[in-house]
Amino acid sequence: MRKNVRFLFFGVILIFCTLAGSLSGEAKQVSIAYSIDMKNPDSHYFNVTMRVQNFQKKYVDFHMPVWIPGSYLVREFEKYVIGVKAFNGSGEMLPVRKVRKNIWRVRADKAKTIQFKYSVYAFTISIRNSFLDRSHAFINPSSIFMFIKELKEKPVRVKITPYPSWKTISTGLTASRKDPFTLTAKNYDQLVDSPIEIGSQKVLTFSVKGVPHEISIYGRGDYNPDSLIQKIQKIVRTEVGIMKDIDYSRYVFLIQFQPRGGGGLEHRNSCVLQMDHQALQSGKRLDRFIGLVAHEYFHNWNVKRLRPKALGPFDYDREDYSWLLWVAEGFTTYYGGRALLQAGFRTPKSAMNSIAGNARYLVSTPGNRVEPVDEASFDAWIKYYRPNENSINTTISYYSKGAVIATLLDLTIRHETQNRKSLDDLMRSLYQTYYKRLNRWYTEKEFEAACEKMAGISLKPFFRRYVSGTDSIDANHYLNYAGIELYKKDFTHEDSLKGYTGLRIVSKNGNAVVKTVLFGSPAFRAGIYTADEILAADDFRISAGDIAGRLQEKQPGKTVRLLISRRGIIQEIPLTLGLMPNTKFAVRRIKKPTALQKKIFESYFHTKWEEKVNPGADEKKCL
Ligand SMILES: [Zn+2]
């Protein structure tokens with residue numbers, strides 16, 4: 001009995017100690033809360049206060065990200081920051097000194113509370129920046145909210161005070177039940193990955209498999225809401241059907257109509273889509289919009305969850321290099337196209353045209369023979385996002401070439417598995433393994449191993465030649481797996497008479513100025529430079545408007561005397577015209593397919609082999 005009493009006594013002490021420990025632990029819990037207001041939208045300044053509690057250090061560094069994930073360019077968001085001040089809990093000012101371009105150091109002297117205040121100028125219309133004017137506020141958190149490196153994993157709270165007449169907020173972040181303008185994120189990464197639209201935007205909703213989706217629409221656009229919902233919903237359903245999983249509880253499409261808008265940016269459970277006012281009318285622009293939706297939405301798997309090493313967690317202070325953007329972006333481009341085909345927005349014939357278009361791009365881009373696509377990924381920061389006049393000669397788009405590699409791998413897997421597996425199985429398997437089970441990124445080696453496992457063959461030569469090498473791709477070797485082939489349409493008589501220079505011209509006040517000289521082209525051999533102004537050909541004045549026609553009407557082999565102005569000095573340069581390269585690629589079905597080729601064709605293009613694929617003149621000729 002005494003023993004029992006003693007146990008009870010120790011038990012009480014133990015409970016008390018645990019409780020006291022947890023209470024004191026809670027009292028010392030570090031917390032981060034941002035508050036942001038936009039009192040004067042005409043000034044384009046957001047005013048931010050970052051309140052940090054119980055992070056008691058002598059010095060505390062506040063970092064502004066220099067880039068936004070998904071767009072691989074150092075954008076220097078810190079350059080928009082002004083008026084940095086810090087205070088302790090009693091309102092006494094704490095000394096602040098800038099120690100790097102994007103880092104402010106506060107001498108906190110172990111203050112229990114730090115209030116770090118600053119304003120950010122936001123007036124760039126872009127999916128990658130923030131914006132504030134009388135019509136709306138768009139917050140891309142990486143360009144607004146600073147962070148403390150040691151506290152990046154801590155939960156954060158954001159209290160937004162909107163401009164008084166604005167009642168609507170759209171974001172992937174979770175809002176407080178009582179106040180839609182109070183948001184929480186589980187850590188800084190999630191905050192950065194959740195853009196916020198505030199204003200009077202329209203909000204449409206739909207659901208897929210019981211999961212709510214929102215479409216927030218800022219700006220005036222010419223569209224029918226029901227048709228817009230129906231199109232986006234179709235894309236979501238199709239892609240969910242491909243990946244067979246929805247890993248979010250809510251998804252938000254943030255659409256912005258802008259005068260010259262274009263482009264999208266992916267986030268974990270949202271995306272930003274910018275387009276011009278008429279983009280949803282019909283025809284090619286509508287196709288582009290649907291394609292953009294399909295691309296950005298597919299990123300919620302490929303990149304946001306299934307991600308190469310280096311694409312999260314991020315280092316916001318500097319570049320995060322990845323050799324695998326050709327998978328992150330190229331495969332997403334590929335799946336954007338696949339979704340359009342499966343959802344019926346693209347015909348099998350236009351899917352074939354897209355293959356031909358990619359072939360044309362690779363053949364007519366000299367950079368394809370210079371830079372491997374994995375290196376183009378790594379160099380995205382200095383090349384793809386910072387192109388110059390020579391880019392076409394030195395680099396290749398990891399979007400387009402990545403999509404080509406995806407096509408080749410898809411057809412290889414289908415062929416090697418007797419059409420039992422496809423790239424869809426590979427993507428699902430990678431997603432299940434690295435995101436769902438291991439909850440981490442994948443490496444290049446792991447990606448290659450997964451491809452080999454799915455295809456059941458060694459793909460080392462494939463990766464060596466086409467991914468880390470610049471070998472010319474034997475397209476028909478792969479296309480034949482699906483009973484199709486790439487071919488060049490015959491040159492017409494007129495084509496064979498057109499003179500070719502290899503120049504890309506831009507108009508400057510109507511004058512013809514050289515933008516690019518293709519490597520190895522007749523103009524390159526003649527010694528024409530970028531920025532040369534072409535004044536005349538064979539003594540006749542020439543302008544930007546007529547130079548193409550005037551030079552093309554001269555026959556290949558003929559030498560033209562070009563009068564140019566180079567850095568203000570007039571000189572004459574003879575240019576011998578070449579024969580126009582034939583890049584009139586097209587894709588057609590082969591004549592005698594095997595049963596497997598037919599099977600692959602039918603599952604790949606979602607159509608029967610017997611069906612006519614909208615044959616054009618060439619198609620008729622070959623069938
Ligand atoms: Zn993308």
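Filtering the range 66-77 to residues that are more than 16 Å from the ligand (Cβ to nearest atom) and either closer than 14 Å to residue 116 by Cβ or open to solvent by less than 10 Å² (accessible area, probe 1.4 Å) (or both) leaves 66, 77. Here residue 265 clears all of (1) more than 16 Å from the ligand (Cβ to nearest atom); (2) open to solvent by less than 10 Å² (accessible area, probe 1.4 Å) except the condition numbered (1).
Do any strands (runs of 3 or more DSSP E) lying entirely in the range 29-111 carry at least 1 residues that are under 30 Å from residue 325 (Cα atoms), and which ones are they? Spell out how you get there, then give the answer.
Numbers: elements: 31-37, 45-53, 59-63, 81-88, 96-100, 103-107.
By residue number, 59-63, 96-100, 103-107.
Would you tally the residues in the range 268-290 being within 16 Å of the ligand (Cβ to nearest atom), part of a helix (DSSP H, G or I) and touching a helix residue (DSSP H, G or I) at 6+ places or on another chain (Cβ under 9 Å)? Qualifying residue count for the region: 2.
Yes/no matrix, rows are residues, columns are (1) among the polar types (S, T, N, Q); (2) away from the ligand (no atom under 16 Å from the Cβ); (3) surrounded by fewer than 24 Cβ atoms within 10 Å (Cβ to Cβ):
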{"residue": "386", "(1), (2), (3)": "no, yes, yes"}
{"residue": "399", "(1), (2), (3)": "no, no, yes"}
{"residue": "402", "(1), (2), (3)": "no, no, no"}
{"residue": "425", "(1), (2), (3)": "no, yes, yes"}
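Residues checked against (1) part of a loop (DSSP other than H, G, I, E, B); (2) assigned by TED's automatic domain parsing to the domain that holds residue 58; (3) not small (Gly, Ala, Ser):
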site	(1), (2), (3)
142	no, yes, no
150	no, yes, yes
154	yes, yes, yes
159	no, yes, yes
164	yes, yes, yes
170	no, yes, no
177	yes, yes, yes
180	yes, yes, yes
183	no, yes, yes
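Taken over the range 439-454, the criterion of being in a loop (DSSP other than H, G, I, E, B) and without any contact (Cβ under 8 Å) to a residue 60 or more places away in the chain is satisfied by 439, 440.
So that you can scan it fast, the table gives a plain yes or no per residue for (1) open to solvent by less than 20 Å² (accessible area, probe 1.4 Å); (2) at pLDDT 95 or above; (3) within 30 Å of residue 606 (Cα to Cα); (4) not polar (S, T, N, Q):
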position	(1), (2), (3), (4)
168	no, yes, no, no
174	no, yes, no, no
180	no, yes, no, yes
203	no, yes, no, yes
218	no, yes, no, yes
240	yes, yes, yes, yes
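How do the helices (runs of 4 or more DSSP H) wholly within the range 314-419 filter down when requiring 1 or more residues that are under 30 Å from residue 531 (Cα atoms): which remain? Result: 348-363, 373-378, 391-394, 398-416.
Residues checked against (1) in a strand (DSSP E or B); (2) open to solvent by less than 30 Å² (accessible area, probe 1.4 Å); (3) more than 30 Å from residue 537 (Cα to Cα):
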| position | (1), (2), (3) |
| --- | --- |
| 458 | no, no, yes |
| 463 | no, yes, yes |
| 469 | no, yes, yes |
| 491 | no, no, no |
| 504 | yes, no, no |
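Filter the range 291-313 down to the residues that are outside any helix (DSSP H, G or I) and open to solvent by less than 30 Å² (accessible area, probe 1.4 Å) and list them by number.
Let us first name the residues in the range 291-313 that are outside any helix (DSSP H, G or I), namely 299-313.
Scanning the range 291-313 gives 299, 300, 301, 302, 303, 304, 305, 306, 308, 310, 311, 312.
Restricting to the range 319-330, name every residue that is open to solvent by 20 Å² or more (accessible area, probe 1.4 Å) and either more than 16 Å from the ligand (Cβ to nearest atom) or within 14 Å of residue 466 (Cα to Cα) (or both). Answer for the range 319-330, where residues must be open to solvent by 20 Å² or more (accessible area, probe 1.4 Å) and either more than 16 Å from the ligand (Cβ to nearest atom) or within 14 Å of residue 466 (Cα to Cα) (or both): 319, 321, 323. When residue 551 is tested against (1) hydrophobic (A, V, I, L, M, F, W, C); (2) open to solvent by less than 40 Å² (accessible area, probe 1.4 Å); (3) at pLDDT 95 or above, just one condition goes unmet, and that condition is (3). Contact map, the range 78-104: first residue at positive phi, second residue part of a strand (DSSP E or B), Cβ cut-off under 9 Å, separation 6 or more or different chains; pairs are 83/45; 83/47; 83/117; 83/118; 83/119; 91/115. Among residues of the range 506-522 being among the hydrophobic types (A, V, I, L, M, F, W, C) and out of contact with any strand residue (DSSP E or B) (no Cβ under 7 Å at 6 or more places or on another chain), the one that is least open to solvent (accessible area, probe 1.4 Å) is 518. Within the range 337-352, residues that are not assigned by TED's automatic domain parsing to the domain that holds residue 423 have Cβ atoms under 8 Å from residues that are open to solvent by less than 10 Å² (accessible area, probe 1.4 Å) and hydrophobic (A, V, I, L, M, F, W, C) in no pair, counting only partners at least 6 apart in sequence or on another chain. Taken over the range 109-130, the criterion of being open to solvent by 20 Å² or more (accessible area, probe 1.4 Å) and closer than 26 Å to residue 72 by Cβ is satisfied by 121, 123, 124, 125, 128. Determine whether the range 501-524 contains at least one residue that is over 34 Å from the mean Cα position of the chain (by Cα) and of a type in the set (D, E, K, R). Checking the range 501-524: not a single residue is over 34 Å from the mean Cα position of the chain (by Cα) and of a type in the set (D, E, K, R).
Which one of these is assigned to a loop (DSSP other than H, G, I, E, B), in the same structural domain as residue 414 (by TED's automatic domain parsing) and either modelled with pLDDT of 95 or more or within 30 Å of residue 349 (Cα to Cα) (or both): 599, 608? Walk me through it before giving the result.
Details: 599 fails: assigned to a loop (DSSP other than H, G, I, E, B).
Going through 599, 608 in turn, the sole match is 608.
Being touching a Gly at 6+ places or on another chain (Cβ under 9 Å) and either free of Cβ contacts under 8 Å to residues at least 12 places away in the same chain or among the basic types (Lys, Arg) (or both) is the filter here, so list the residues in the range 256-300 that pass it. Matches in the range 256-300: 268, 288.
Quick check on the range 331-379: of everything there that is open to solvent by 20 Å² or more (accessible area, probe 1.4 Å) and β-branched (Val, Ile, Thr), which residue is farthest from residue 587 (Cα to Cα)? This residue is 370.
The values are calculated or read from the model by the stated rules, or taken from the named source; none is laboratory data. Predicted, not measured: the structure shown is a model, and the values here were computed from it. Positions of Cβ are backbone-derived with ideal geometry, glycine not excepted, and every protein chain shown enters the neighbour counts. Each accessible area value is taken on the protein alone, full model and side chains, heavy atoms only, with ligands, DNA and RNA left out. Shrake-Rupley method; radii C 1.70, N 1.55, O 1.52, S 1.80 Å.
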